[in-house]
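Chemist: Just passing along the structure, written as structure tokens.
Where a number appears in this text, it was derived from the coordinates with a stated rule and is not lab data. Every value quoted in this text rests on a predicted model; they were computed, and no experiment measured them. Please note: Cβ atoms are built from the backbone with ideal geometry, for glycine as well, and neighbour counts cover all protein chains shown.
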Amino acid sequence: MKTVDKKVGRQRRHVRIRRKVTGTALRPRLCVMVSNKHIYVQLVDDEKAVTLASVSSAGKDAVGHKNVAGATLLGQRLAELAKQSGISELVFDRGGYKYHGRVKAIAEAVRAAGFNF
């Protein structure tokens, strides 16, 4: 029963966060999704409902692994894609997850690449 409560709690936190955090074409939302097997990170323009760039630890174009080191690689790769698209600022959406471990590693890697959020 505890896993159901954790999932519901995360979903409620995410809804609460999404009320305040929206992405635009000039300042897209950096969205993080962490599962038990993989990590997914994407840049989203909420005004047009379009994903501008995405990277993950799954699939044939996978970058990194599901651990903190892999999350750092994902953050670096997403920062490269954002720079190629001409984006300089982001809005960070942690997706209801705690800001530590893999989520924090992604944020710090993107910040180290020169992005503000």
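Chemist: Going by how many other beta carbons lie within 10 Å of each one, how would you line up H100, H14, H65, fewest first? All intermediate terms of the calculation are to be shown ahead of the outcome.
Modeler: Values: H100 10, H14 18, H65 14.
Neighbour counts put them in this order, fewest first: H100, H65, H14.
Chemist: Can I ask one more? Once you place label points 7 Å from the Cα toward the Cβ at Y99 and N116, how far apart are they in nm?
Modeler: Inter-label distance under the simple model: 1.7 nm.
Chemist: I would also like to ask the following. How far apart, in nanometres, would the label points at D61 and A25 be if each is projected 7 angstrom from Cα along the Cα-to-Cβ direction?
Modeler: With each label point 7 Å from Cα toward Cβ, the separation is 2.2 nm.
Chemist: Hey, another quick one. Out of the GluC sites (Glu not before Pro) in the range 31-117, which ones are loop residues according to DSSP with at most 14 other C-beta atoms within 10 Å? Spell out each step's value before the answer.
Modeler: Details: sites: E47, E80, E89, E108; in loops: E47.
Here the sparse-neighbourhood loop sites are E47.
Chemist: I would also like to ask the following. If you average the sequence gap of Cα pairs under 8 Å that are 6 or more apart and divide by the length of the range 2-112, what percent do you get for the contact order?
Modeler: Working: 191 pairs, mean separation 32.4, N = 111.
Dividing the mean separation by the residue count of the range 2-112 yields 29 percent.
Chemist: Take the Cα radius of gyration of the chain and divide it by 2.2 N^0.38 Å, with N its residue count; two decimals is plenty. Numbers along the way, then the final one.
Modeler: Values: Rg = 13.7 Å, N = 117, 2.2 N^0.38 = 13.4 Å.
Cα Rg divided by the expected 2.2 N^0.38 Å: 1.02.
Chemist: Which order results if K7, K60, K66 are arranged by neighbouring Cβ count within 10 Å, fewest first? Walk me through the numbers before you get to the answer.
Modeler: On the way: K7 11, K60 4, K66 18.
The order, fewest Cβ neighbours first, is K60, K7, K66.
Chemist: For the chain, set up a GNM with springs between Cα atoms under 10 Å and report which of R12, R27, R102 has the largest fluctuation.
Modeler: Looking only at R12, R27, R102, the largest GNM fluctuation is found for R12.
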